[in-house]
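We did not get these values from a lab; they are worked out from the coordinates using the rules stated. Just so it is clear, the structure is predicted and the values come from calculations on it, not from any experiment. Because the Cβ atoms are built from the backbone with ideal geometry, glycine has one as well, and the counts that use them run over all protein chains shown.
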Amino acid sequence: MTATPILAVDDLRVGFATEGGLLQAVDGVRFRLQPGEVLAIVGESGSGKSVTAQTIMGLTRSKNARIEGSVRFEGEELVEASDATLRRLRGDRIAMVFQDPMTSFNPVQRIGRQIAEAMEAHRGDLAKGEARARAIELFEAVGIPEAERRVDDYPHEFSGGMRQRAMIAMALALEPEVLIADEPTTALDVTIQAQILRLLEDLNRERGLATILITHDLGVVAEVADRVLVMYAGKVVEQGTLEEIFYDPQHPYTWGLLGSLTRLDRPRPKRLPQISGAPPSLLDLPQGCAFRPRCPHEFDKCPQVPGLEGRLAEAAEHRYRCWLTPAEKRAKRQVAGQIGLEAPAP
Amino acid sequence: MSEPLLQVTDLVKHFPIKRGILIDREVDQVRAVDGISFSIEPGQTLGLVGESGSGKSTACRAVLQLIKPSSGSVRFEGQEIAGCSRRQMRPLRREMQMIFQDPYASLNPRKRVGQIVGDPLKRQRVASGGELRKRVQELLERVGLASEHYNRFPHEFSGGQRQRIGIARALALRPKLVIADEPVSALDVSIQAQIINLLDDLQDEFGLTYLFVAHDIGVVRHIADRIAVMNKGEIVEEGEADQVCENPRHDYTKKLLSAVPVPDPREARERAAKS
């Protein structure tokens, strides 16, 4: 990977002052995003994946937030940037699609108008009617039928899937270089999810859009991502290419995520392999590896924080935080013939 | 074959579409549930699958008489309950309970967990005082929470834990039939497995019968003995769970199956290349 990344995140730390103390939501995240690439950030609720995305967009700035580290977009530092700089970039160069298409639109304004408004704000010289024409084009591009008529609809007249398409259309309005999609399909039916994923893939291929896809579902990741970051309690616990994460996962948490997926293409097990317990409170993290209390393979080294390290020179970007040796991992990650965290209870 | 616990025959629920200023005229009907029939044997699980708008939630509500069916029959242990009054339904409510989709919206935020789970016991005059508290704490432990959670409020819990509270409440009266309407679709995938396994264990322990509703056929296959596929108010296919997933006959079932993501990049690529 020698190409210049469009987005470079280094040692990003985001903490929030709360009544219970400093809550470290993101703790030292580093990654590079190349043009035309889909990077998936995977984790459970509270893993810091959404806060990472929102911080890139400058949406976590507030009096009680402490943001450290560096986010560079085409070499320009965003963490220290002025609000005016961020406003110039947001929507225009970096756009975001949110999880809930029901609450992300203004309910009392026509959808086409909302899309046009964003264009007018960034392109003051846009001729009258041009923004509307562009909104219709965008609707067609994302597969909304009868685009000409539907730009004048209100959000409530759209179904969930159509609203998510409209939101993607809005994000694409100014032809951004980076699209951040935060759980874009979680609120949708599986059939609609498949269509939206296909759409994101096409956009990525045809326009060379660099995409960050945030999700808790590795099934979605398998369909579209090039590279994957797995996050747990604010830290990246494993990162690698799609192939490395699915076929040679090195962190027990990744095994757990892979194992708990329901698979239609396999005979169904008596019990679904699960990750027991719940993610820890960020105000009261266990000492050392944060996954330790849920990990069946815990041993005496785990109370020390493992570094994010690789094993092979030829796959230097496949890194993970775990003290187990590669041989131990190979022996332990196979459960009932597939990757999983622990043998299903009898 | 034993007698089914629940037998639904030609169940219909149409909602009128009305127009007019002074006099409402019925101009059309939404055929939310349009003549569905199915039955569930005691101790079995029927999975009901379909997209949003297919009528599956309306079907659940009509079965439980939470909304009045337009026509058709619902027999519970052989007894007709379609058209029963609220008063007639009350003793039967103990026997049939519901688990809802959204654990953030279905728990009263101003009540403590103990009150939420204990309320059905109090209303049906099953237990009170110290006995009530003891039973609620046992239930909390049974669903994987701690008895100390008794005095907490719902906002102190994660999504998965809230769904456990909802399950404890549904089980408080030891029902025979539990209708679960999308009980895991609002949860993280890793937590979904926990809840599905919990429902499975509880079924074995209490001899429960489930009607399990979801839009994701992959999830339904894991818990269901039989699967009914619903589209536009009708059941288009019904059969053994593995049979329906491996040899689907109806085009709509095939469409649902092909939409489930394949969590295997190589196979996903092959499949994408084919289509």
(request) Quote the FRET efficiency, to the nearest 0.05, computed for B:ARG25 versus B:LYS68 with a Förster distance R0 of 30 Å and r equal to the Cβ-Cβ distance. (result) 0.90
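Please give the average number of partner chain Cβ atoms lying within 10 Å of the Cβ of each residue in B:189-202, rounded to a whole number.
Working: counts 13, 19, 8, 7, 12, 7, 2, 5, 9, 1, 0, 3, 2, 0.
For this peptide, the per-residue mean of nearby foreign Cβ atoms is 6.
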(request) Specify the inter-centroid distance of the range A:273-301 and the range B:2-46, based on alpha-carbon positions, in whole Å. (result) 47
(request) With a 10 Å radius around each residue's Cβ, average the other Cβ atoms per peptide and rank B:93-103, A:104-114, B:175-185, highest first. (result) B:175-185, B:93-103, A:104-114
(request) Calculate, for B:ASP201 and B:GLU156, the FRET efficiency according to 1/(1 + (r/R0)^6) with r their C-beta to C-beta distance and R0 30 Å; round to the nearest 0.05. (result) 0.75
(message) Helix-only mean residue ellipticity at 222 nm, chain A, DSSP H runs n ≥ 4 weighted -39,500 (n - 2.57), per residue, nearest 500. What is it?
(response) -8500 deg cm²/dmol
(request) Name all residues of the range A:83-108 having a backbone nitrogen under 15 Å from the label point set 7 Å from the Cα of A:GLU76 along its Cα→Cβ direction, giving them as ranges. (result) A:83-95
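Rounded, prolate or oblate for the protein assembly as shown? Axes are the square roots of the Cα gyration tensor eigenvalues, ordered a ≥ b ≥ c, and the cut-off for rounded is a/c under 1.5. List each step's numbers first, then the result.
On the way: a/c = 1.68, a/b = 1.26, b/c = 1.34.
Oblate shape, in that a/c is at least 1.5 and b/c is the bigger or equal ratio.
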(message) Run the simple label-point estimate for A:ASP226 and A:ARG123 please: 7 Å along Cα→C-beta, distance reported in nm.
(response) 2.6
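Determine the shape class of chain B: with a ≥ b ≥ c the square roots of the Cα gyration tensor eigenvalues, call it rounded for a/c under 1.5, and otherwise prolate if a/b is greater than b/c, oblate otherwise. Don't skip to the answer; put the middle values down first.
Numbers: a/c = 1.62, a/b = 1.16, b/c = 1.40.
Oblate, because a/c is 1.5 or more while a/b does not exceed b/c.
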(request) Enumerate the aspartates and glutamates that A:LYS332 could reach by cross-link, defined here as Cα to Cα under 18 Å, with residues fewer than 8 away along the same chain left out. (result) A:GLU238, A:GLU244, A:ASP248, A:GLU298, A:ASP300, A:GLU342
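Within 10 Å, count the other beta carbons around each residue, average over each peptide in A:6-16, A:263-273, and list them highest first.
Working: A:6-16: 18.9, A:263-273: 16.0.
Answer by packing, highest mean first, reads A:6-16, A:263-273.
Are any of the pairs B:LYS18/B:LYS254; B:LYS111/B:LYS134; A:LYS49/B:LYS274; A:LYS329/B:LYS255; B:LYS13/B:LYS255 more than 28 Å apart by Cα-Cα distance, and if so, which?
On the way: B:LYS18/B:LYS254 36 Å; B:LYS111/B:LYS134 18 Å; A:LYS49/B:LYS274 33 Å; A:LYS329/B:LYS255 38 Å; B:LYS13/B:LYS255 26 Å.
Cα-Cα > 28 Å for B:LYS18/B:LYS254; A:LYS49/B:LYS274; A:LYS329/B:LYS255; rest within.
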(message) What distance in nm lies between label points placed 7 Å from Cα along the C-beta direction at A:ASP83 and A:GLU130?
(response) 2.9
(request) Would you mind working out the magnitude of the charge dipole of chain B relative to its Cα centre, with +1 at each Lys and Arg C-beta and -1 at each Asp and Glu C-beta, to the nearest 20 Debye? (result) 1420
(request) Take peptide B:251-264, look around each residue's Cβ out to 10 angstrom, count Cβ atoms belonging to other protein chains, and average those counts. (result) 6
(request) Indicate the gyration tensor shape class of the range B:133-228 (rounded, prolate or oblate), computed on the Cα atoms with a ≥ b ≥ c the square roots of the eigenvalues: a/c under 1.5 is rounded; otherwise a/b larger than b/c is prolate and the rest oblate. (result) oblate
(message) Please compute the average number of Cβ atoms from other chains found within 10 Å of each residue's Cβ in peptide A:180-192.
(response) 4
